Structure formats: C-alpha cells, structure tokens
Amino acid sequence: MVEQLSGSGKVVGVKQSKRALRDGQAARLYIAMDADPRLLQPLVQEAVNRQVPVSQVPSRKELGTSCGISVGAAVAVLLK
C-alpha cells in the first residue's frame with residue numbers, strides 16, 4: 001500500500017492532508033504510528049467521517065521515505 005505514495009498524486013504533512021480530506025480529494029490517509037497522537041486524532045476522525053480508509057505505517061522515517069522525501073512524515077494522503 002505504501003508503495004502508492006512513491007509517485008505523484010499525494011500530499012505530505014498535517015496541513016495539506018487536512019485540506020485534502022476537507023476538500024474531498026483524499027483516497028487514503030497514511031499515518032505514522034510514532035507521530036504525536038494529538039496531531040493524528042483530528043485527521044483520523046475526519047477520514048472516518050468522510051469514509052476514507054486509514055493505513056498505519058510503523059514510523060515517520062518509513063512514511064517519509066515512501067513519499068520520496070528525506071525527512072520523516074507524520075501523515076500523508078493519497079489523492080483521488
């Protein structure tokens with residue numbers, strides 16, 4: 001599943017992910033399990049409300065690498 005993030009059609013980070021969810025552009029939400037739960041909880045709730053599947057990734061480093069960035073990422077969204 002995480003391999004889908006390597007191409008284009010994604011957003012990375014809390015603000016951009018929140019915007020994609022709110023605008024109905026999200027196909028799937030990816031969250032890093034080692035990220036701050038206070039950041040993740042509102043995004044997960046929004047995804048559940050909008051019936052967007054949520055996938056968990058073990059670490060921010062792994063999620064960042066999957067997105068093609070050199071730093072960790074707490075959240076990423078695969079766009080429709």
Query raised in the report: Looking at the stretch 10-38, which of the residues that are more than 18 Å from S59 (Cα to Cα) and touching a Lys or Arg at 6+ places or on another chain (Cβ under 8 Å) is surrounded by the fewest Cβ atoms within 10 Å (Cβ to Cβ)?
Result: G24
Query - Every residue from the stretch 36-73 that is in contact with a Gly (Cβ under 6 Å, 6 or more places away or on another chain), among the hydrophobic types (A, V, I, L, M, F, W, C) and touching a residue at least 24 places away in the same chain (Cβ under 8 Å) - result: A73
Query raised in the report: Within the stretch 39-56, is there a residue that is at positive phi, loosely packed, with under 12 Cβ neighbours inside 10 Å and out of contact with any Phe, Trp or Tyr (no Cβ under 9 Å at 6 or more places or on another chain)?
Result: yes
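Read the figures in this text as sums done on the coordinates, not as results from a lab. Just so it is clear, the model here is predicted, and its values are computed rather than measured. Virtual Cβ from ideal backbone geometry, glycine too; neighbours counted across all protein chains shown.
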